[in-house]
Amino acid sequence: MGAWAAKNRTTLVVAALVVIAAYVFYYAKSDIAPSMFGAAWGYAIPLVLAALVGVIGERSGVVNIGIEGQMLLAAFAGFFAAAFSGSMVVGVLAGVGTGLIAGGFLAWTTVRWRMDQIIAGVVLNIVATGLTSFYLVSGEILPGVIPNLDIPVLKEIPLVGEVFFSGRSWIATVAILAAITVHILLFHTRWGLRTRAVGEYPSAADTAGINVERLRLVNVTLAGSLAGLAGVYLSMDASSSFERGMTAGRGFLALAIMIMGAWRPLRAFAMALFFGFINAVASQLQQTGGVSIPPQLLGTLPYVATLVVLAIAAGRVRAPAAVGQPYVKGDT
(Lines give C-alpha, C1' and ligand atoms only; values in the text may rest on other atoms or scores of the structure.)
Protein backbone atom coordinates (compact mmCIF):
# COMPACT_ATOMS: atom_id res chain seq x y z
CA MET A 1 0.00 0.00 0.00
CA GLY A 2 2.85 2.37 0.87
CA ALA A 3 4.58 1.69 -2.43
CA TRP A 4 1.34 2.29 -4.32
CA ALA A 5 0.78 5.60 -2.50
CA ALA A 6 4.33 6.73 -3.25
CA LYS A 7 3.93 5.85 -6.93
CA ASN A 8 0.63 7.72 -7.19
CA ARG A 9 1.52 10.56 -4.85
CA THR A 10 0.79 13.33 -7.34
CA THR A 11 -2.56 11.82 -8.30
CA LEU A 12 -3.56 11.45 -4.65
CA VAL A 13 -2.58 15.03 -3.82
CA VAL A 14 -4.54 16.42 -6.77
CA ALA A 15 -7.56 14.26 -5.91
CA ALA A 16 -7.45 15.43 -2.27
CA LEU A 17 -7.29 19.07 -3.32
CA VAL A 18 -10.22 18.61 -5.71
CA VAL A 19 -12.33 16.94 -3.02
CA ILE A 20 -11.53 19.64 -0.47
CA ALA A 21 -12.34 22.39 -2.96
CA ALA A 22 -15.61 20.67 -3.89
CA TYR A 23 -16.77 20.48 -0.28
CA VAL A 24 -15.73 24.06 0.44
CA PHE A 25 -17.74 25.19 -2.56
CA TYR A 26 -20.62 22.93 -1.54
CA TYR A 27 -20.99 24.41 1.93
CA ALA A 28 -20.35 27.96 0.74
CA LYS A 29 -22.75 27.79 -2.22
CA SER A 30 -25.05 24.91 -1.33
CA ASP A 31 -27.80 26.16 -3.66
CA ILE A 32 -25.58 25.91 -6.74
CA ALA A 33 -23.07 23.17 -6.03
CA PRO A 34 -25.32 20.06 -6.10
CA SER A 35 -26.92 20.96 -9.41
CA MET A 36 -23.61 21.92 -11.03
CA PHE A 37 -21.78 18.83 -9.82
CA GLY A 38 -24.79 16.73 -10.79
CA ALA A 39 -24.63 18.17 -14.31
CA ALA A 40 -20.91 17.38 -14.40
CA TRP A 41 -21.53 13.74 -13.53
CA GLY A 42 -24.40 13.51 -15.99
CA TYR A 43 -22.09 14.70 -18.77
CA ALA A 44 -19.31 12.35 -17.63
CA ILE A 45 -21.34 9.11 -17.52
CA PRO A 46 -21.11 8.24 -21.25
CA LEU A 47 -17.49 9.44 -21.30
CA VAL A 48 -16.59 6.98 -18.54
CA LEU A 49 -18.20 4.08 -20.39
CA ALA A 50 -16.67 5.07 -23.73
CA ALA A 51 -13.22 5.59 -22.23
CA LEU A 52 -13.35 2.08 -20.76
CA VAL A 53 -14.03 0.77 -24.27
CA GLY A 54 -10.82 2.44 -25.43
CA VAL A 55 -8.85 1.18 -22.44
CA ILE A 56 -9.86 -2.45 -23.01
CA GLY A 57 -9.21 -2.23 -26.75
CA GLU A 58 -5.82 -0.56 -26.59
CA ARG A 59 -4.64 -2.64 -23.65
CA SER A 60 -5.37 -5.56 -25.99
CA GLY A 61 -3.40 -3.91 -28.80
CA VAL A 62 -6.34 -2.62 -30.88
CA VAL A 63 -6.96 1.08 -31.53
CA ASN A 64 -10.69 1.83 -31.46
CA ILE A 65 -11.39 5.02 -33.38
CA GLY A 66 -14.92 3.74 -33.94
CA ILE A 67 -16.24 4.38 -30.42
CA GLU A 68 -18.17 7.36 -31.77
CA GLY A 69 -19.91 5.17 -34.34
CA GLN A 70 -20.62 2.41 -31.82
CA MET A 71 -22.30 4.89 -29.47
CA LEU A 72 -24.30 6.49 -32.27
CA LEU A 73 -25.58 3.17 -33.62
CA ALA A 74 -26.50 2.01 -30.11
CA ALA A 75 -28.30 5.27 -29.33
CA PHE A 76 -30.29 4.93 -32.55
CA ALA A 77 -31.12 1.23 -32.13
CA GLY A 78 -31.99 1.54 -28.45
CA PHE A 79 -34.28 4.52 -28.85
CA PHE A 80 -36.28 3.23 -31.82
CA ALA A 81 -36.44 -0.34 -30.52
CA ALA A 82 -37.98 1.01 -27.31
CA ALA A 83 -40.32 3.34 -29.21
CA PHE A 84 -41.61 0.68 -31.62
CA SER A 85 -41.78 -2.20 -29.13
CA GLY A 86 -43.18 -0.18 -26.24
CA SER A 87 -40.62 -1.67 -23.89
CA MET A 88 -37.64 0.09 -22.33
CA VAL A 89 -36.03 -3.30 -21.63
CA VAL A 90 -36.13 -4.15 -25.33
CA GLY A 91 -34.58 -0.78 -26.11
CA VAL A 92 -31.71 -1.25 -23.67
CA LEU A 93 -31.04 -4.76 -24.95
CA ALA A 94 -31.13 -3.54 -28.55
CA GLY A 95 -28.70 -0.73 -27.79
CA VAL A 96 -26.24 -2.92 -25.91
CA GLY A 97 -26.57 -5.64 -28.56
CA THR A 98 -25.86 -3.12 -31.30
CA GLY A 99 -22.74 -2.03 -29.44
CA LEU A 100 -21.63 -5.66 -29.29
CA ILE A 101 -22.23 -6.13 -33.02
CA ALA A 102 -20.31 -2.96 -33.86
CA GLY A 103 -17.50 -4.09 -31.56
CA GLY A 104 -17.50 -7.49 -33.26
CA PHE A 105 -17.29 -5.81 -36.68
CA LEU A 106 -14.29 -3.76 -35.59
CA ALA A 107 -12.63 -6.77 -33.96
CA TRP A 108 -13.13 -9.02 -36.97
CA THR A 109 -11.89 -6.49 -39.54
CA THR A 110 -8.82 -5.46 -37.54
CA VAL A 111 -7.80 -8.74 -35.91
CA ARG A 112 -8.91 -11.46 -38.31
CA TRP A 113 -8.65 -9.53 -41.58
CA ARG A 114 -5.80 -7.33 -40.30
CA MET A 115 -7.34 -4.20 -41.78
CA ASP A 116 -5.68 -0.94 -40.78
CA GLN A 117 -7.21 -0.16 -37.38
CA ILE A 118 -7.60 3.58 -37.97
CA ILE A 119 -9.33 3.01 -41.31
CA ALA A 120 -11.64 0.38 -39.81
CA GLY A 121 -12.71 2.79 -37.08
CA VAL A 122 -13.30 5.59 -39.57
CA VAL A 123 -15.39 3.25 -41.74
CA LEU A 124 -17.47 2.34 -38.69
CA ASN A 125 -18.05 6.01 -37.89
CA ILE A 126 -19.05 6.81 -41.48
CA VAL A 127 -21.44 3.85 -41.67
CA ALA A 128 -23.00 4.81 -38.34
CA THR A 129 -23.54 8.41 -39.43
CA GLY A 130 -25.03 7.35 -42.75
CA LEU A 131 -27.36 4.67 -41.38
CA THR A 132 -28.70 6.74 -38.50
CA SER A 133 -29.34 9.71 -40.77
CA PHE A 134 -30.97 7.71 -43.57
CA TYR A 135 -33.31 5.69 -41.37
CA LEU A 136 -34.12 8.45 -38.88
CA VAL A 137 -37.84 8.59 -38.11
CA SER A 138 -39.01 11.70 -36.28
CA GLY A 139 -41.91 11.97 -33.89
CA GLU A 140 -41.27 8.77 -31.93
CA ILE A 141 -41.52 8.84 -28.15
CA LEU A 142 -40.27 6.46 -25.50
CA PRO A 143 -42.76 4.29 -23.61
CA GLY A 144 -41.25 5.27 -20.25
CA VAL A 145 -38.06 6.23 -18.49
CA ILE A 146 -35.05 4.26 -17.31
CA PRO A 147 -35.65 3.72 -13.58
CA ASN A 148 -33.49 5.42 -10.97
CA LEU A 149 -31.36 3.42 -8.59
CA ASP A 150 -30.85 5.15 -5.24
CA ILE A 151 -28.25 3.51 -3.00
CA PRO A 152 -29.77 3.66 0.52
CA VAL A 153 -26.66 4.39 2.61
CA LEU A 154 -24.45 6.09 0.07
CA LYS A 155 -27.10 8.60 -1.00
CA GLU A 156 -27.01 10.13 2.49
CA ILE A 157 -23.37 11.24 2.12
CA PRO A 158 -23.23 15.05 1.68
CA LEU A 159 -22.53 16.08 -1.91
CA VAL A 160 -21.25 12.64 -3.01
CA GLY A 161 -24.59 10.99 -2.30
CA GLU A 162 -26.56 13.77 -3.98
CA VAL A 163 -24.40 13.72 -7.10
CA PHE A 164 -23.64 10.02 -7.64
CA PHE A 165 -26.17 7.91 -5.76
CA SER A 166 -29.47 9.80 -5.66
CA GLY A 167 -31.85 10.53 -8.51
CA ARG A 168 -29.68 8.73 -11.06
CA SER A 169 -30.62 5.87 -13.34
CA TRP A 170 -29.00 2.48 -12.90
CA ILE A 171 -26.72 3.27 -15.87
CA ALA A 172 -24.87 5.81 -13.72
CA THR A 173 -24.24 3.16 -11.07
CA VAL A 174 -23.13 0.70 -13.74
CA ALA A 175 -20.61 3.27 -15.02
CA ILE A 176 -19.04 3.53 -11.55
CA LEU A 177 -19.00 -0.23 -11.06
CA ALA A 178 -17.62 -0.77 -14.56
CA ALA A 179 -14.64 1.51 -13.90
CA ILE A 180 -13.84 -0.27 -10.63
CA THR A 181 -14.41 -3.73 -12.10
CA VAL A 182 -12.30 -3.16 -15.22
CA HIS A 183 -9.48 -1.79 -13.04
CA ILE A 184 -9.53 -4.86 -10.78
CA LEU A 185 -9.77 -7.28 -13.70
CA LEU A 186 -7.04 -5.53 -15.66
CA PHE A 187 -4.45 -5.38 -12.89
CA HIS A 188 -5.38 -8.17 -10.48
CA THR A 189 -6.56 -11.15 -12.55
CA ARG A 190 -5.14 -13.64 -15.03
CA TRP A 191 -7.32 -12.19 -17.78
CA GLY A 192 -5.85 -8.74 -17.11
CA LEU A 193 -2.29 -10.04 -17.18
CA ARG A 194 -2.94 -11.78 -20.48
CA THR A 195 -4.66 -8.74 -21.95
CA ARG A 196 -1.77 -6.47 -21.04
CA ALA A 197 0.65 -9.06 -22.41
CA VAL A 198 -0.98 -9.16 -25.86
CA GLY A 199 -1.02 -5.36 -25.90
CA GLU A 200 2.63 -5.02 -24.96
CA TYR A 201 4.45 -8.01 -26.44
CA PRO A 202 2.10 -10.33 -28.34
CA SER A 203 4.85 -12.65 -29.61
CA ALA A 204 5.94 -13.39 -26.03
CA ALA A 205 2.31 -13.94 -25.05
CA ASP A 206 1.93 -16.32 -27.98
CA THR A 207 5.03 -18.22 -26.87
CA ALA A 208 3.51 -18.52 -23.39
CA GLY A 209 0.47 -20.26 -24.88
CA ILE A 210 -1.95 -17.29 -25.08
CA ASN A 211 -4.15 -17.17 -28.16
CA VAL A 212 -3.50 -13.54 -29.10
CA GLU A 213 -6.02 -13.36 -31.91
CA ARG A 214 -8.86 -14.89 -29.91
CA LEU A 215 -8.23 -12.70 -26.86
CA ARG A 216 -8.22 -9.55 -28.96
CA LEU A 217 -11.40 -10.61 -30.75
CA VAL A 218 -13.21 -11.31 -27.47
CA ASN A 219 -12.00 -8.18 -25.67
CA VAL A 220 -12.84 -5.70 -28.42
CA THR A 221 -16.23 -7.32 -29.04
CA LEU A 222 -17.28 -7.41 -25.39
CA ALA A 223 -16.05 -3.85 -24.84
CA GLY A 224 -18.64 -2.84 -27.42
CA SER A 225 -21.35 -3.52 -24.83
CA LEU A 226 -20.07 -0.55 -22.80
CA ALA A 227 -20.19 1.66 -25.89
CA GLY A 228 -23.72 0.40 -26.45
CA LEU A 229 -24.69 1.33 -22.90
CA ALA A 230 -23.18 4.79 -23.39
CA GLY A 231 -25.33 5.24 -26.49
CA VAL A 232 -28.42 4.03 -24.64
CA TYR A 233 -27.74 6.58 -21.92
CA LEU A 234 -27.57 9.43 -24.44
CA SER A 235 -30.83 8.67 -26.23
CA MET A 236 -32.92 6.99 -23.51
CA ASP A 237 -31.78 8.62 -20.28
CA ALA A 238 -30.02 11.95 -20.76
CA SER A 239 -32.39 13.26 -23.44
CA SER A 240 -35.21 10.76 -24.21
CA SER A 241 -34.82 11.54 -27.91
CA PHE A 242 -32.62 10.74 -30.85
CA GLU A 243 -31.03 13.39 -33.06
CA ARG A 244 -28.58 13.19 -35.93
CA GLY A 245 -25.04 13.12 -34.67
CA MET A 246 -26.15 13.30 -31.05
CA THR A 247 -22.90 11.78 -29.80
CA ALA A 248 -21.30 15.12 -30.74
CA GLY A 249 -17.72 13.91 -30.64
CA ARG A 250 -17.95 12.18 -27.26
CA GLY A 251 -16.30 9.07 -28.67
CA PHE A 252 -13.22 11.04 -29.67
CA LEU A 253 -13.25 12.93 -26.37
CA ALA A 254 -13.31 9.56 -24.62
CA LEU A 255 -10.14 8.55 -26.45
CA ALA A 256 -8.45 11.73 -25.24
CA ILE A 257 -9.64 10.96 -21.71
CA MET A 258 -8.22 7.45 -22.03
CA ILE A 259 -4.81 8.84 -23.00
CA MET A 260 -4.81 11.42 -20.22
CA GLY A 261 -5.78 8.65 -17.84
CA ALA A 262 -2.69 6.72 -18.97
CA TRP A 263 -4.82 3.77 -20.14
CA ARG A 264 -5.90 3.10 -16.54
CA PRO A 265 -9.67 2.79 -15.81
CA LEU A 266 -9.83 4.76 -12.54
CA ARG A 267 -7.67 7.58 -13.86
CA ALA A 268 -9.85 7.73 -16.95
CA PHE A 269 -12.87 7.92 -14.64
CA ALA A 270 -11.31 10.90 -12.86
CA MET A 271 -10.49 12.65 -16.14
CA ALA A 272 -14.06 12.14 -17.35
CA LEU A 273 -15.29 13.84 -14.18
CA PHE A 274 -12.88 16.69 -14.81
CA PHE A 275 -14.25 17.33 -18.29
CA GLY A 276 -17.78 16.94 -17.02
CA PHE A 277 -17.01 19.67 -14.51
CA ILE A 278 -15.57 21.91 -17.26
CA ASN A 279 -18.78 21.42 -19.25
CA ALA A 280 -20.90 22.20 -16.17
CA VAL A 281 -18.96 25.40 -15.56
CA ALA A 282 -19.51 26.46 -19.18
CA SER A 283 -23.24 25.73 -18.87
CA GLN A 284 -23.43 27.65 -15.59
CA LEU A 285 -21.75 30.68 -17.16
CA GLN A 286 -24.19 30.56 -20.07
CA GLN A 287 -27.19 30.44 -17.73
CA THR A 288 -26.07 33.17 -15.34
CA GLY A 289 -24.88 35.52 -18.05
CA GLY A 290 -22.26 36.85 -15.68
CA VAL A 291 -19.61 37.02 -18.39
CA SER A 292 -19.73 38.67 -21.79
CA ILE A 293 -18.58 35.63 -23.75
CA PRO A 294 -20.61 34.30 -26.69
CA PRO A 295 -22.39 31.03 -25.77
CA GLN A 296 -20.91 29.34 -28.84
CA LEU A 297 -17.43 30.04 -27.49
CA LEU A 298 -18.36 28.79 -24.02
CA GLY A 299 -19.66 25.60 -25.59
CA THR A 300 -16.18 24.86 -26.95
CA LEU A 301 -14.63 25.11 -23.48
CA PRO A 302 -14.55 21.32 -22.78
CA TYR A 303 -12.86 20.65 -26.12
CA VAL A 304 -10.33 23.44 -25.67
CA ALA A 305 -9.56 22.08 -22.20
CA THR A 306 -9.12 18.64 -23.77
CA LEU A 307 -6.52 19.95 -26.22
CA VAL A 308 -4.62 21.81 -23.49
CA VAL A 309 -4.54 18.90 -21.03
CA LEU A 310 -3.77 16.40 -23.78
CA ALA A 311 -0.84 18.51 -24.96
CA ILE A 312 0.50 18.59 -21.41
CA ALA A 313 -0.05 14.89 -20.76
CA ALA A 314 1.07 13.57 -24.15
CA GLY A 315 4.76 13.38 -23.25
CA ARG A 316 4.15 11.96 -19.78
CA VAL A 317 2.27 8.77 -20.66
CA ARG A 318 3.16 5.74 -22.73
CA ALA A 319 0.76 3.73 -24.85
CA PRO A 320 0.86 -0.09 -24.88
CA ALA A 321 3.84 -1.04 -27.04
CA ALA A 322 1.94 -3.18 -29.56
CA VAL A 323 -1.16 -1.00 -29.90
CA GLY A 324 -2.23 -0.56 -33.51
CA GLN A 325 -0.04 -3.41 -34.73
CA PRO A 326 -1.78 -6.47 -36.23
CA TYR A 327 -0.28 -9.74 -35.03
CA VAL A 328 0.55 -12.65 -37.30
CA LYS A 329 1.41 -15.90 -35.51
CA GLY A 330 5.09 -16.60 -35.87
CA ASP A 331 6.12 -12.93 -36.06
CA THR A 332 8.79 -11.76 -33.64
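The values are calculated or read from the model by the stated rules, or taken from the named source; none is laboratory data. A quick note: this is a predicted structure, and the numbers were derived from the prediction, not measured. Note that each Cβ is placed from the backbone with ideal geometry, even for glycine, and that neighbours are counted across all protein chains shown. Ligands, DNA and RNA are excluded from the accessible area calculation, which covers all protein heavy atoms including side chains. Shrake-Rupley method; radii C 1.70, N 1.55, O 1.52, S 1.80 Å.
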field: Accessible surface, the chain, averaged per residue in Å² (probe 1.4 Å)
entry: 48
- prompt: Once phi is turned into θ = phi - 60°, what whole-Hz ³J(HN,Hα) does the Karplus curve with 6.51, -1.76 and 1.60 give for every residue of the stretch 57-69, x standing for Gly and Pro?
  reply: x, 6, 5, 8, x, 10, 6, 10, 7, x, 4, 4, x
statement: Given trypsin sites (Lys or Arg not before Pro), DSSP loops and at most 14 other Cβ atoms within 10 Å, the longest exposed-site-free stretch of the chain is 115-243
task: For n ≥ 4 DSSP H runs only, could you compute -39500 (n - 2.57) per run for the chain, divide by its residues and tell me the 222 nm figure to the nearest 500?
output: -22500 deg cm²/dmol
query: Whole-Hz Karplus ³J(HN,Hα) for the stretch 301-312, in order, using 6.51 cos²θ - 1.76 cosθ + 1.60 and θ = phi - 60°, x for Gly and Pro?
result: 4, x, 6, 5, 4, 4, 4, 5, 5, 5, 5, 6
- prompt: Which whole-number percent is the relative contact order of the chain (Cα, under 8 Å, 6+ apart)?
  reply: 32
message: What value in Å³ per residue do you get for the convex hull of the alpha-carbon atoms in the stretch 155-234?
response: 104
message: So for the stretch 179-332, averaging the separation of alpha carbon pairs under 8 Å that are six or more residues apart and normalising by length, what relative contact order in percent results?
response: 30
- prompt: Taking N as the number of residues in the stretch 249-289, what value does Rg over Cα atoms divided by 2.2 N^0.38 Å take?
  reply: 1.32
statement: Most fluctuating of Ala256, Ala230, Ala321 in the GNM of the chain (C-alpha, under 10 Å) is Ala321
task: Quantify, in whole percent, the carbon and sulfur part of the accessible surface of the stretch 49-134 (1.4 Å probe; protein heavy atoms only).
output: 79
FRET efficiency for Ser87 and Thr300, using Cβ-Cβ distance with R0 set to 35 Å, rounded to 0.05: 0.35
message: Per residue of the stretch 155-166, what does 6.51 cos²θ - 1.76 cosθ + 1.60 with θ = phi - 60° give for ³J(HN,Hα)? Whole Hz please, x for Gly and Pro, Karplus curve as stated.
response: 5, 7, 5, x, 6, 4, x, 5, 7, 9, 10, 9
- line: Cα-only Rg/Rh for the stretch 20-149 with Kirkwood Rh rounds to 1.09
task: Report, in debye and to the nearest 20, how large the dipole of the chain comes out about its Cα centre when Lys and Arg carry +1 and Asp and Glu carry -1 on their Cβ.
output: 900
task: Scan around Ser169 for amide H atoms under 5 Å from its own, H built in the peptide plane at 1.01 Å from N, and keep only partners 5 or more places away or cross-chain.
output: Leu149
- request: Calculate the radius of gyration of the Cα atoms of the stretch 40-112 to one decimal place, then report Dmax, the largest Cα-Cα distance, as a whole number, both in Å.
  value: 13.4, 40
